[in-house]
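Comments concern the structure below.
The values are calculated or read from the model by the stated rules, or taken from the named source; none is laboratory data. Nothing here was measured: the structure is a model prediction, and the numbers come from that model. Cβ: placed from backbone, ideal geometry, glycine included. Neighbour counts: every protein chain shown.
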Amino acid sequence: MSVSIDAQTASTFYSYGKNSSLEVGGQFYHPEEISIGSDVSIRRNYWLNIISPGVERKPKIIIGDGCRCDEGLIISALNQIVLEQGVIIGPRVFISDTDHEYRQVGKPVTAQGLIEARGEVFIGERVRIGTGSVISGNIRIGRDSIVQPGSVVEHDVPEQCVVGGAPARIMQIYEPALDKWVDVGSKPPHNEMLMIPRQQRPPLLSICIPTYNRASDLDCCLNSILSQLTKDLPVEVIVSDNASTDESPQVISRYAALYPCLKYSRNSENIGADRNIYHVMRQAQGTFIKLQGDDDYCLEGTLIPLIEVVNNHRDCGIIHIHVHNNDRQVYTGEGASAFLNASSIMSTFISGMIVRKEDLDQVEEPTKFIDSCFNQAYLQYAILMNNPKFCVVNWSMFRFGNNQPSGYNFGEVVFRSYQSILTFFIGKGLTEDDVRAERRRSLFHYILPWYRGIMTYRYQTDTERFEEIFSEHYQDEPYHEAVLSEIRALKATRANS
């Protein structure tokens, strides 16, 4: 049964709180400069040392309410060491705000002076420090963090992080919205960034919505996103209004008054769809940027799982949402060829596109295909040149507004624009065989079905010269005549109906 120091001994401390216990069998020096809070427990074989008593402020060791320290704790303070309330310390932990020089061989270490003369150690609320860890120097450990056993902490530790190793590095961070500790991967965030309070840090994800004259759709889009967000989610939502003449500004203002994470900019004039897409991406502050069509609505319960996927794939330059496969599988790949095979022409679908900001910033000519209607596809392949890692999420996570395709010539964009972009990357990640295989795949899996829908439902989409543009790109293919006959039949059926 453990025995605590007696009341008379406790009275010699700077302060000694109620219901606290320092077991007999430890050592302390200059207790008048040591403060012990209430409900503190420190087991035997501890060593609490004040290096320079009577100098500057008191107390120099502060152990807050509710701290639990296992046996063998060593605390050596020159200036000040603070353990805030609820800190839990495992066996044989060493904490010091300074250390002795050692580099003069042949001279006793204790005679070489101190390395850090102004250091302080601050350990935040509810921090847990594992067995055998060493914390030495001018160190601050943020609240709710965990130091794994055997770690050597040489630098500040942000709040709500797991660190480990010698020297200790960040291994996990806690995401409140996901209620879980998540791995940071091989390239952890900078400590300097994580030391900023969570609410002031750049978000993990920026959801960027370019819009023009779709007030009703935008209302549904914003509601589908913002209704799923909580204040703890590391997400910002940005809307770039391309000089709408309808009620879009009023819709955005109404949501902005309710959701601080919503940011709004309005172009003084219509700069075109492609330029507005790139413009809203450039406003993003998030680690990842997700484009969102203003007439694509996120299904309930989809955003938090998507954010978790993003967080778990921080090393990927691209995350592609494959909406035509709903098996909920998530997989990774590398290289432009593999990405082309996985995404096909759906790389042009802006709501399925997520890119890492640091990789986007490295694209040398980000507006090279800005007038093609498919500059977003070009950006993804340009990113893959520098960071070949990508992730695919098979998930039909949207409900669509079903607006008719408009504002461009259908044949021009699906044939000329798309294939020009792919051709540009031949020798830069793609091969001629890759592009030829995609020419067939995109035609039969996507372009022809889309064209059938346009003809069947009599959309007002611009399909002028569709036959000619098709033949321009497919005349040497063995299936050219058969497809051309179907195109002509669809056109004739529409004309006669």
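Can you find even one residue in the range 96-107 that is at pLDDT 90 or above, assigned to a loop (DSSP other than H, G, I, E, B) and either touching a Gly at 6+ places or on another chain (Cβ under 6 Å) or crowded, with 21+ Cβ neighbours inside 10 Å (or both)? Among the residues of the range 96-107, at least one is at pLDDT 90 or above, assigned to a loop (DSSP other than H, G, I, E, B) and either touching a Gly at 6+ places or on another chain (Cβ under 6 Å) or crowded, with 21+ Cβ neighbours inside 10 Å (or both), which makes the answer yes.
Taking every residue in the range 5-26 that is at positive phi and pairing it with any residue that is surrounded by 11 or more Cβ atoms within 10 Å (Cβ to Cβ), at least 6 positions away or on another chain, the pairs with Cβ-Cβ distances below 8 Å are N19/S38; N19/D39; G25/R44; G25/N45.
Among residues of the range 423-437 that are surrounded by 15 or more Cβ atoms within 10 Å (Cβ to Cβ), those with a Cβ under 7 angstrom from a residue that is aromatic (F, W, Y) and modelled with pLDDT of 95 or more, sequence gap 6+ or separate chain, pair up as F425/Y381; G429/Y381. Checking each residue of the range 197-212 against the condition of being more than 26 Å from the chain's Cα centre (by Cα), modelled with pLDDT of 95 or more, loosely packed, with under 14 Cβ neighbours inside 10 Å and more than 22 Å from I307 (Cα to Cα) gives no match. Taking first residues from the range 336-365 that are surrounded by fewer than 21 Cβ atoms within 10 Å (Cβ to Cβ) and partners that are among the hydrophobic types (A, V, I, L, M, F, W, C) and at pLDDT below 95, no Cβ contact under 8 Å between residues at least 6 apart in sequence or on separate chains turns up. With the requirement that a residue be free of Cβ contacts under 8 Å to residues at least 40 places away in the same chain and in a strand (DSSP E or B), what does the range 211-240 give you? The one that is free of Cβ contacts under 8 Å to residues at least 40 places away in the same chain and in a strand (DSSP E or B): V237. Among the criteria (1) within 23 Å of Y174 (Cα to Cα); (2) assigned to a loop (DSSP other than H, G, I, E, B); (3) out of contact with any Phe, Trp or Tyr (no Cβ under 6 Å at 6 or more places or on another chain), the one C316 does not fulfil is (3). Does N19 qualify as being of a type in the set (S, T, N, Q), surrounded by fewer than 18 Cβ atoms within 10 Å (Cβ to Cβ) and out of contact with any Lys or Arg (no Cβ under 6 Å at 6 or more places or on another chain)? Yes. Residues of the range 427-435 include none that is small (G, A, S), on the phi < 0 side of the Ramachandran plot and out of contact with any Lys or Arg (no Cβ under 7 Å at 6 or more places or on another chain). Taking the numbered list (1) outside any loop (DSSP other than H, G, I, E, B); (2) within 30 Å of E300 (Cβ to Cβ) in turn, Q404 passes all entries but (1).
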